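To start, the structure itself, in structure tokens.
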Amino acid sequence: MAAAGALSEVSLREATQRKLRRFSELRGKSVAAGEFWDIVAITAADEKQELAYKQQLSEKLKRKELPLGVQYHVFVDPAGAKIGNGGSTLCALRCLEKLYGDKWNSFTILLIHSGGYSQRLPNASALGKIFTALPLGNPIYQMLELKLAMYIDFPSHMNPGILVTCADDIELYSIGKSEFIRFDKPGFTALAHPSSLTVGTTHGVFVLEPFDYLEHRDLEYGSCHRFLHKPSIEKMYQLNAVCRPGGFCQQDSAGGDSAYLKLGSDYVYTDSLFYMDHKSAKKLLAFYEEIGTLNCEIDAYGDFLQALGPGATVEYTRNTSNVTKEESELVDVRQRIFHLLKGTSLNVVVLNNSKFYHIGTTEEYLFHFTSDSSLKSELDLQSVTFSIFPDISEHSGKTCIIQSILDSGCSLAPGSVVEYSRLGPDVSVGENCIISGSCIPAEAVLPARSFLCSLSLKMNGSLKYSAMAFGVQDDLKKSVKTLSDIKLLQFFGVCLLSCLDIWNLKVTEKLFSGNKTHLSLWTARIFPVCSSLSDSVTTSLKMLHAIQNKSTFSLNSYKLLSIEEMLIYKDIEDMITYREQIFLEISLNKKQF
């Protein structure tokens with residue numbers, strides 16, 4: 001059995017490397033008709049994010065890092081209520097119709113949802129999670145390039161329609177050398193990955209129509225009786241979603257959300273991306289035109305896919321337990337979508353040798369880039385990628401440095417990631433830290449499990465800087481409703497109230513930006529504005545050290561911003577320029593050596 005598992009891992013790595021090579025060949029070249037996507041569209045949450053995405057796409061095309069002759073678009077959500085990735089999908093369909101009229105019914109389209117603010121991985125907040133850097137490639141790949149590489153075989157085996165995916169996950173799979181994944185059936189088609197029942201509780205789960213489970217080929221086609229969204233284990237059993245082992249064995253491994261299964265354990269098939277044909281897309285667009293304005297969050301997976309298949313029932317439309325905010329019209333909109341899509345088929349591409357990775361939180365990001373040998377092996381991730389790091393320490397295999405310049409005198413503890421940064425002499429970085437877009441001068445110490453990310457700001461026409469610093473385990477999304485409850489919030493593992501005391505800050509409504517009924521670390525005005533990048537880092541590190549040492553460091557004399565406000569004031573051009581300067585310096589250094 002171990003031999004079968006090892007063989008499975010080797011085939012997965014080989015298949016992944018082939019796709020990466022194929023994509024690498026297309027970078028900077030004009031693609032032939034049918035060879036690649038006709039349109040690649042990325043969703044954005046607001047106009048500021050839209051601008052950031054457009055600028056980065058423009059830079060990539062200029063540097064010939066993407067295939068050419070493709071239409072790349074950024075589609076921004078309408079201002080107002082949050083509409084979720086389902087609402088963004090509907091909005092993108094309307095944008096396609098406006099841009100292309102009836103022409104888009106002959107296109108293969110990749111739609112990548114990247115409209116969130118990445119509160120669980122804030123180094124992706126300013127420039128977007130689809131532009132998250134990876135320790136891979138030269139020049140380095142970001143999530144966008146990886147998505148395009150992993151889906152390289154899809155367009156030429158797809159009928160006109162739209163493939164919908166998210167910006168912070170990675171799907172790897174291996175199939176027979178003469179086989180291809182086909183998206184050529186009417187309705188919807190989704191990829192299905194074998195996963196543990198625990199993983200099933202946080203994903204979509206397919207209740208498959210009976211088909212031949214005995215062979216368990218790497219690629220099988222089936223149809224879905226009904227789709228469950230984040231079901232309980234009890235519900236999976238009750239609704240026949242659970243598959244019993246029948247000689248099916250994948251190796252035991254920690255890597256991937258589809259936690260590879262032990263011999264003899266029950267399993268389910270979970271979702272990742274899905275395709276809809278043009279007819280289904282037109283149906284959804286007509287619905288969106290009819291309702292006019294959407295005022296609630298729709299989930300592209302939970303609200304579209306649960307309506308599909310012969311076993312779908314309307315019951316889920318009233319279940320709001322997985323909804324972050326229950327708007328009055330949500331149930332009504334869900335029911336209308338259910339009746340609109342009811343009777344539409346949900347085809348399933350079962351990928352028995354596949355993995356699904358999620359990189360949307362600080363914990364996942366650190367684990368997959370430093371400790372997880374599976375993903376490192378499959379993608380051939382490097383410990384040092386396109387960087388200057390003269391003295392590779394004993395821990396280099398357990399660290400991750402991406403497009404950064406580190407002085408030979410600095411030290412980096414295992415489990416830490418540094419991207420787009422400069423670290424001076426005698427800088428000491430503790431274990432499991434994330435450093436992004438920062439310039440850390442000499443003799444600074446970053447405590448273990450710290451998060452540090454600098455942003456350029458444009459304030460009253462002047463260029464300023466601010467660095468967000470906290471603990472990698474801090475929950476930026478957790479909110480309280482009143483000032484008296486802020487003692488429930490924690491900064492670097494310490495009660496926020498105690499931190500405010502250490503920083504000599506008063507507890508008033510002015511301490512928080514935005515909606516005063518959702519007080520959180522995200523909206524707390526605690527980060528100093530400085531005139532230089534290195535000053536912003538030095539000042540924020542002093543904040544951290546004061547908390548760690550229970551000493552005082554007054555923030556009274558500084559202009560303070562929340563992370564929410566930093567993103568409003570962010571100067572995209574300056575951040576991109578800073579990355580470009582590091583890029584040029586590394587390129588010059590590599591030529592010299």
Requested in this report: For region 461-476, just list the computed ³J(HN,Hα) in residue order, Karplus coefficients 6.51, -1.76 and 1.60, θ = phi - 60°, integers in Hz, with x standing in for Gly and Pro.
Outcome: x, 9, 7, 10, 9, 8, 10, 7, 9, 6, x, 4, 9, 5, 9, 6
Report summary line: Cβ-Cβ cut-off under 9 Å around Leu136, Lys and Arg +1, Asp and Glu -1: the net charge is -2
Requested in this report: Work out the FRET efficiency for Thr198 and Asn460 from their Cβ-Cβ distance, taking R0 = 60 Å, and round it to the nearest 0.05.
Outcome: 0.75
Query raised in the report: Could you work out the helix-only [θ] at 222 nm for the chain, with each DSSP H run of four or more residues adding -39,500 (n - 2.57) and the total divided by the number of residues, to the nearest 500 deg cm²/dmol?
Result: -8500 deg cm²/dmol
Requested in this report: Report Tyr316's accessible area, 1.4 Å probe, all protein chains in place, as a number in Å² to the nearest 10.
Outcome: 20 Å²
Requested in this report: Over all alpha-carbon pairs of region 335-438, lay out the pair-distance distribution in 5 Å bins, whole %, shortest bin first.
Outcome: 3, 11, 19, 20, 11, 7, 6, 5, 5, 6, 4, 3, 1
Report summary line: Computed about the Cα centre, the charge dipole of the chain from +1 Lys/Arg and -1 Asp/Glu charges at the Cβ has a magnitude in debye, to the nearest 20, of 700 debye
Query raised in the report: If you average the sequence gap of Cα pairs under 8 Å that are 6 or more apart and divide by the length of region 181-237, what percent do you get for the contact order?
Result: 40 percent
Query - For region 154-164, 3J(HN,Hα) per residue [Karplus equation, 6.51 cos²θ - 1.76 cosθ + 1.60, θ = phi - 60°, Hz, x = Gly/Pro] - result: 5, x, 6, 10, 9, 6, x, x, 10, 9, 9
Report summary line: Residues whose modelled amide H sits under 5 Å from the amide H of Ser114, counting only those 5 or more places away in sequence or on another chain, are Thr43
Query raised in the report: Residue farthest toward the positive end of the dipole of the chain, with Cβ of Lys/Arg at +1 and Asp/Glu at -1: which of Phe386, Gln581, Leu144?
Result: Gln581
Report task. Report the charge-dipole magnitude of region 383-592 in Debye, nearest 20, computed about the Cα centre from +1 at each Lys and Arg Cβ and -1 at each Asp and Glu Cβ. Result -> 640 debye
**Report entry** Radius 15 Å from Cβ of Glu25, net charge of other residues (Lys, Arg +1; Asp, Glu -1)
**Finding:** +3
Query raised in the report: If you average the sequence gap of Cα pairs under 8 Å that are 6 or more apart and divide by the length of the chain, what percent do you get for the contact order?
Result: 13 percent
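Does region 383-592 come out rounded, prolate or oblate, given a ≥ b ≥ c as the square roots of the eigenvalues of its C-alpha gyration tensor, rounded meaning a/c under 1.5 and, failing that, prolate meaning a/b above b/c?
prolate
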Report task. Pairs of Cα atoms under 8 Å, at least six residues apart: use those to get the relative contact order of region 383-592, whole percent. Result -> 17 percent
Query raised in the report: What residues qualify as long-range amide H neighbours of Met459, i.e. H under 5 Å apart, gap of 5 or more or another chain, H built at 1.01 Å from N?
Result: Lys464
Report task. Among Ala448, Gln335, Tyr558, pick out the residue whose Cα is farthest towards the positive end of the charge dipole of the chain, where Lys and Arg carry +1 and Asp and Glu carry -1 on C-beta, about the Cα centre. Result -> Tyr558
Query raised in the report: How far, in nm, would the chain grow between Asn589 and Ser156 when pulled straight, counting 0.36 nm per residue and subtracting the alpha carbon separation?
Result: 151.8 nm
Query - Modelled FRET efficiency - R0 30 Å, Gln71 with Leu51, Cβ distances, 0.05 increments - result: 0.95
Query raised in the report: Between Ser58 and Leu239, what is the spin-label point distance in nm, taking each point 7 Å from the Cα along the Cα→C-beta axis?
Result: 4.6 nm
Requested in this report: Rounded to the nearest Å, what's the spacing between the alpha carbon centres of region 191-244 and region 473-539? Just the number, please.
Outcome: 43 Å
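What is the diffusion coefficient of the chain in µm²/s, taking the Kirkwood radius over Cα pairs and the Stokes-Einstein relation at 20 °C with a viscosity of 1.002 mPa s? Kindly include the intermediate steps, with their values, before the conclusion.
Values: Rh = 25.1 Å.
So the translational diffusion coefficient is about 85 µm²/s.
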Query raised in the report: What is the sum of charges around Lys464, taking Lys and Arg as +1, Asp and Glu as -1, for the other residues whose C-beta is under 11 Å from the C-beta of Lys464?
Result: 0
Report summary line: Each label sits 7 Å from Cα toward the beta-carbon; between Thr577 and Val331 the label points are separated, in nm, by 5.4 nm
**Report entry** Amide H contacts under 5 Å for Leu446, placed H, 5+ residues apart
**Finding:** Ser428, Val429, Gly430
Query raised in the report: Assuming R0 = 22 Å, what is the FRET efficiency of Ser371 and Lys550, from their Cβ-Cβ distance, to the nearest 0.05?
Result: 0.10
Query raised in the report: How much area per residue is accessible in the chain when the probe is 1.4 Å and only protein heavy atoms are counted (Å²)?
Result: 40 Å²
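The values are calculated or read from the model by the stated rules, or taken from the named source; none is laboratory data. Note that this is a predicted model, so its numbers are computed, not measured. Note that we place each Cβ from the backbone using ideal geometry, even for glycine, and neighbour counts take in every protein chain shown. For accessibility, only protein heavy atoms count, side chains too; no ligands or nucleic acids. Shrake-Rupley method; radii C 1.70, N 1.55, O 1.52, S 1.80 Å.
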